[in-house]
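Let me begin by presenting the structure, written as structure tokens, before commenting on it.
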Amino acid sequence: MNKKVCAVLIVPFLLVGCMGQDKDAVAPIDPPPADVAKKMEQASSAVTTTPPADPKSEDKENKSSQKTGDKKVVKGSELYFLTDSGYVVPYTLSKELKNSNEALPYLVEDQAKSMVPKGFQGALPKGTKIKGVQVKNGVATVDFSKEFTKYDAKKEEHIFSAITWTVTQFGNVKTVNLNVEGKPYTAKSKMKTQGLSRQDGINLEIARGVDMTQSMPVTLYFMAQSEDRTIYYVPVTRMINRADNRAKSVLQELVRGPELDSKLLSAVDSTLAVNNVALKGDTVTADLGEQLLQFSAENKASKNAIDMIVLSLTENTAAKTVKFLVNGKDSTSTMTKGEKLSEPVSRPEKINAISM
């Protein structure tokens with residue numbers, strides 16, 4: 001099976017958002033105007049990469065990527081930053097960091113200022129020192145200096161998410177404990193500080209009309225724009241009504257789009273039909289409507305939309321690749337960057353990564 005792994009390139013361009021609308025409205029969010037969407041696609045780029053290697057030991061963190069054969073490996077390290085739009089966002093720095101001890105100092109305020117888009121900021125207060133990261137049995141215990149406690153309590157949830165999602169990038173870390181000066185930390189808002197994981201979600205929101213006693217979380221990827229007009233992907237964990245087919249629910253939520261009062265945008269057509277979604281092994285097959293191919297007169301699929309779908313489906317299932325069907329059949333069409341839609345598409349190795 002021919003698998004492709006695409007590394008997302010963030011690019012500068014004007015993003016048209018859907019803001020200032022009635023919060024009580026239930027109509028789906030429209031995709032960007034055709035001319036804007038096409039310009040976004042034209043500015044996008046991708047490089048072929050190989051998947052990251054599995055860790056050899058549960059208690060050892062991954063080493064930096066190497067070249068494998070004649071394939072390129074995306075260099076850099078994916079860390080999570082706060083944005084002035086109020087989200088926690090992954091961004092791949094142009095540095096190969098071997099472990100959390102090396103990565104976390106870049107989350108201290110202003111330490112990565114010259115390396116990230118305007119409006120991105122480190123989650124840790126100035127002066128915070130990383131006293132150590134101990135990894136054992138899939139649990140990373142991070143010990144901060146006392147300066148860590150000087151953060152704004154209103155940002156606590158996002159700060160904890162940025163730490164957790166950054167640390168779990170390395171090795172086989174599944175959960176994170178937060179300590180200060182060698183002792184378990186007590187959160188300002190009484191949030192838990194031990195056993196943090198990606199299962200707790202990121203950029204949490206609750207869909208309208210959801211019964212929280214019968215709900216489930218799904219993490220979706222939308223798009224946003226920084227102050228310097230850099231386009232990037234944003235993960236959002238949305239609580240929705242429980243369903244048997246989680247993968248199908250993910251696509252239905254992508255079609256529904258971002259919340260009306262958010263600063264996010266979707267490249268997925270709001271009329272896209274979701275016929276069926278099935279998981280088999282490490283591949284999820286998404287059978288979608290012909291709207292997927294209506295991005296251009298040449299019946300091409302939007303690369304941004306494909307990226308959003310692949311990121312979202314692989315985030316919520318055990319799948320590593322996504323196979324696309326159009327009304328039950330293989331499509332001979334291509335994406336806007338020329339990739340064949342008939343071939344399974346793999347999750348990007350790095351999110352919001354600049355080609356190096």
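All told, Lys146 falls short of being over 18 Å from Ile130 (Cα atoms), modelled with pLDDT of 95 or more and not hydroxyl-bearing (Ser, Thr, Tyr). Every condition in (1) within 25 Å of Asn316 (Cα to Cα); (2) surrounded by fewer than 21 Cβ atoms within 10 Å (Cβ to Cβ); (3) not hydroxyl-bearing (Ser, Thr, Tyr) holds for Gly132 except the one numbered (1). On the stretch given as region 221-237, residues that are open to solvent by less than 10 Å² (accessible area, probe 1.4 Å), among the hydrophobic types (A, V, I, L, M, F, W, C) and in contact with a helix residue (DSSP H, G or I) (Cβ under 8 Å, 6 or more places away or on another chain) total 2. Where residues in region 173-220 are hydroxyl-bearing (Ser, Thr, Tyr), assigned to a loop (DSSP other than H, G, I, E, B) and open to solvent by 60 Å² or more (accessible area, probe 1.4 Å), which of them is farthest from Ala243 (Cα to Cα)? By that ranking, first place goes to Thr186.
The residues on offer are Lys323, Lys300, Lys280, and the sole one that is without any contact (Cβ under 8 Å) to a residue 12 or more places away in the chain, of a type outside the set (Val, Ile, Thr), open to solvent by 30 Å² or more (accessible area, probe 1.4 Å) and farther than 23 Å from Arg238 by Cβ is Lys280. Of all residues assigned to region 240-257, none qualifies as being polar (S, T, N, Q) and at positive phi.
Checking each residue in region 238-263 for being out of contact with any helix residue (DSSP H, G or I) (no Cβ under 8 Å at 6 or more places or on another chain) and assigned to a strand (DSSP E or B) picks out no residue at all. Could you tell me whether region 151-170 includes any residue that is surrounded by 15 or more Cβ atoms within 10 Å (Cβ to Cβ) and either modelled with pLDDT under 95 or farther than 22 Å from Ala187 by Cβ (or both)? Checking region 151-170: at least one residue is surrounded by 15 or more Cβ atoms within 10 Å (Cβ to Cβ) and either modelled with pLDDT under 95 or farther than 22 Å from Ala187 by Cβ (or both). The set of residues in region 264-274 that are in a loop (DSSP other than H, G, I, E, B) and either surrounded by fewer than 19 Cβ atoms within 10 Å (Cβ to Cβ) or touching a helix residue (DSSP H, G or I) at 6+ places or on another chain (Cβ under 8 Å) (or both) comprises Ser266, Ala267, Val268, Asp269, Ser270, Thr271, Leu272, Ala273.
The criterion of being at pLDDT 95 or above, of a type in the set (D, E, K, R), more than 15 Å from Thr193 (Cβ to Cβ) and out of contact with any strand residue (DSSP E or B) (no Cβ under 6 Å at 6 or more places or on another chain) holds for Lys136. Residues that are open to solvent by 60 Å² or more (accessible area, probe 1.4 Å) and modelled with pLDDT of 95 or more were ranked within region 84-120; the one that is farthest from Pro184 (Cα to Cα) is Gln111. Within 24 Å of Trp165 (Cβ to Cβ), touching a helix residue (DSSP H, G or I) at 6+ places or on another chain (Cβ under 8 Å), of a type in the set (D, E, K, R) and modelled with pLDDT under 95, is that true of Arg347? The answer is yes for Arg347.
The values are calculated or read from the model by the stated rules, or taken from the named source; none is laboratory data. On a predicted model such as this, the values are computed, not experimentally measured, just so you know. Every residue, glycine among them, receives a Cβ derived from its backbone with ideal geometry; neighbour counts consider all protein chains shown. For accessibility, only protein heavy atoms count, side chains too; no ligands or nucleic acids. Shrake-Rupley method; radii C 1.70, N 1.55, O 1.52, S 1.80 Å.
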